[in-house]
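Notes to accompany the following structure.
The values are calculated or read from the model by the stated rules, or taken from the named source; none is laboratory data. Because the structure is predicted, anything quoted here is derived from the model rather than measured. Cβ coordinates were reconstructed from backbone atoms using ideal geometry, including for glycine residues, and neighbour counts include every protein chain displayed. Ligands, DNA and RNA are stripped out before the accessible areas are found, and what is left, the full protein with its side chains, is counted by its heavy atoms. Shrake-Rupley method; radii C 1.70, N 1.55, O 1.52, S 1.80 Å.
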Amino acid sequence: MIKRTKIKDLLVTAPQGQSIVLMGWVRTFRNNQFISISDGSTILTIQAVVELDQFEESLLKRITTGACLSIKGKLVASPAKGQLVEVKVDELEVLGDSDPEKYPLQPKKHSFEFLREIAHLRPRTNTFGAVMRVRHAMAFAVHKFFNEKGFVYVNTPIITGSDAEGAGAMFRVTTFDPENPPRDEAGHVDHSQDFFGRETNLTVSGQLEGESYAMGLGEIYTFGPTFRAENSNTTRHLAEFWMIEPEMAFYDINDNMDLAQEMLQYLMKYALEHCGDDLAFLDKRASDEEMTKPQAQRNELGLIDRIKFIIENDFQRLTYTEAIEILRNSTPNKKKKFQYIIEQWGADLQSEHERFLVEKHFKKPVILYNYPKEIKSFYMRQNDDGKTVGAMDVLFPGIGEIIGGSAREERYDKLLTRINEMGLPEEDLKWYIELRKFGSAPHSGFGLGFERLILFVTGMTNIRDVIPFPRFPGNAEF
C-alpha cells in the first residue's frame, strides 16, 4: 500500500511517472479537470489533473472549494507555467464534503477581521498557514538555541500567588461559588477556604521562579503561557500570550545584552533558512499593505530586508541618558512631531521614540540600558549613582521594544529596601528575598514576548493574527 506523500515533498521530487498518494483540501476546481490542492505542509499548492469523462459526474460535483480529497495517481512533469510537477489522477475519493454555498473561505481576499470570526478555518488560508508555519519554526528555533548553549528548560507555574511585575490586572483563580463565596467576620471574601488556601492568579511572568532555578542550575529558560487582564484593545495586546524568559547566574548586564543579540540574530537566520516560501509570500503581502499607507507611514525596508537588517548589523548600545539627549535634540522633538514630546530625563520612552532611534538615527538595532529606577521594576539591580538600574531594552525597526530585561538585584538589603519603598507585599515575596540570603550570586535575565517576535518575523500588524486563538477583552471564542 502506498503511503501519503506531503505536497512539500512532491514539489521537490523528480517526476518519473511514479505512483503517489496525495491528500488535502481543494482550493479550486477548474473546467472539471484541474484541481488545486493544499495540505498545509507548504504555502504552495499542487495541481491534480483529471481526464475528461474519467469519473462520474456525481463524484466530480463533490469536488468543491474546501472539500477534502484523497488522490492516487502518477507524478509527472507539468506543461503549465509556474509549476514543475503535477499529479495525473488515477483514483479519487472524497474524504469530506464541503457545501460550496456555505463554505466561508471562497477564492477571494478576506479581511483579517472576518477571519478572526472564523478562527477555526483561517489556518486554511495562505496568510495564516504561512504565519503558523513560521510560528512553529521560531518555537523550535528557540528551544534549539538554548539547548545548544546548555540551558535547562524549566516549566514555571501558571497559577501563582504573586504579581512578578507589580502591574496588577491579573486573572483570579478560584473554586468559590461566585454568588456566595465564604466570608470572614469582617465580611471580606475568606481566601483561606479557597482551593489553595490563599488568593491566586494566572501568572504574568515566570521570571521570579526562573531566578530560583538559575541559582541552582546556572542557566535556565522558560517558554510558556502568561496572562494579563489589561482591558486593552490595541493591536499589540493579548490577554493570553507566550513568553520566553532566560535567567542566568553569573551574567552581568553586558553578558545579558550579548545573549539577547545572539539569540535574536540566531532566530532571524533560522527563519530565512527554513521559512523561505512562507517569508516570500508574507514579504509580498506586507509590501502590498504598505502601499495602502500614506508615504510618511510606510516602512522603508521590506519584510525580508528587515530580517536581514537584524542579522547584518551589530546592535548599537547606549545608555538611557544618552538616548534622552539624542531624542530631546532631534528634529521631530523640536518640531513637536512626536506625539509624546521628550522634555526631561526620567520620561518613559514610547514606541515612536524607540523607532526613531533605530530607523532614523542609528539605522541599526539598538539596546538601551541603565534606565531611571523610578520607571522600572523592583527586582532590577540598582546602580551606584542611586538614580538608575541595570535595565536593558532591545529595540527593533517597525516595532520598537522587543526584549526587556535587566541585571537582577542580588543584594539582600538593597532588594528589601526597594520592595518596601514600592509598598510591595514583603510576605508574598519572602521566598524570593530569601534567595539573597543563601549563596546569592550576580545574575541577569530578560523576557521576549513570543507573539511580538512573530509579528516582526511575519510582518503582520495585529498581534491577534499571530496566535492560533486570540484572547482579548470581550472575546474567548473557540
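Sorted by accessible area (1.4 Å probe), largest first, how do Cys68, Cys275 line up?
Details: Cys68 30, Cys275 5 Å².
Highest to lowest solvent-accessible surface, that is Cys68, Cys275.
Cα centroids of the range 92-109 and the range 334-394: how far apart, whole angstrom?
Cα centroid to Cα centroid, the span is 51 Å.
Leaving out ligands and nucleic acids, and using a 1.4 Å probe, what accessible area per residue does the chain come to in Å²? Walk me through the numbers on the way to the answer.
Values: 23890 Å² over 478 residues.
Roughly 50 Å² per residue, with all protein chains present.
With all protein chains present, how much of the accessible area of the chain (probe radius 1.4 Å) comes from carbon and sulfur, to the nearest whole percent?
Details: 11680 of 23890 Å².
Looking at the chain in its full context, I get 49 percent from C and S.
Cut-off under 16 Å on the C-alpha distance; same-chain residues fewer than 8 positions from Lys72 excluded. Which lysines are left, in chain and number order?
Partners within reach: Lys3, Lys6, Lys88.
Test of the criteria: in the range 1-59, which trypsin sites (Lys or Arg not before Pro) are in a DSSP loop and have at most 11 other Cβ atoms within 10 angstrom of their Cβ?
The qualifying sites are Lys3.
Can you pull out the GluC sites (Glu not before Pro) in the range 266-342 that DSSP calls coil and that have at most 16 other Cβ atoms within 10 Å?
Details: sites: Glu273, Glu289, Glu290, Glu300, Glu312, Glu322, Glu325; in loops: Glu300.
Those that pass, being in a loop and sparsely packed, are Glu300.
From the cross-link list Lys293/Lys335; Lys335/Lys360; Lys293/Lys363; Lys337/Lys364; Lys335/Lys376; Lys61/Lys284, which pairs have alpha carbons spaced over 25 Å apart? Intermediate results must be reported in sequence, preceding the final value.
Working: Lys293/Lys335 23 Å; Lys335/Lys360 16 Å; Lys293/Lys363 22 Å; Lys337/Lys364 22 Å; Lys335/Lys376 29 Å; Lys61/Lys284 34 Å.
Over 25 Å apart, Cα to Cα: Lys335/Lys376; Lys61/Lys284.
Restricting attention to the range 89-162, which trypsin sites (Lys or Arg not before Pro) occupy a DSSP loop and are surrounded by at most 12 other Cβ atoms within 10 Å?
Lys102, Lys108, Lys109
Normalising by the residue count of the chain, find the relative contact order in percent from Cα pairs under 8 Å and 6+ residues apart.
Values: 848 pairs, mean separation 64.4, N = 478.
Normalised by residue count, the contact order of the chain is 13 percent.
Using a ≥ b ≥ c from the Cα gyration tensor of the range 298-390 (square roots of the eigenvalues), is it rounded, prolate or oblate, where a/c under 1.5 gives rounded and otherwise the larger of a/b and b/c decides, a/b for prolate? Don't skip to the answer; put the middle values down first.
On the way: a/c = 2.42, a/b = 1.37, b/c = 1.76.
Note, shape of the range 298-390 comes out oblate.
Could you tell me the distance between the Cα centroids of the range 167-213 and the range 18-82, to the nearest Å?
Here the answer is 55 Å between Cα centres.
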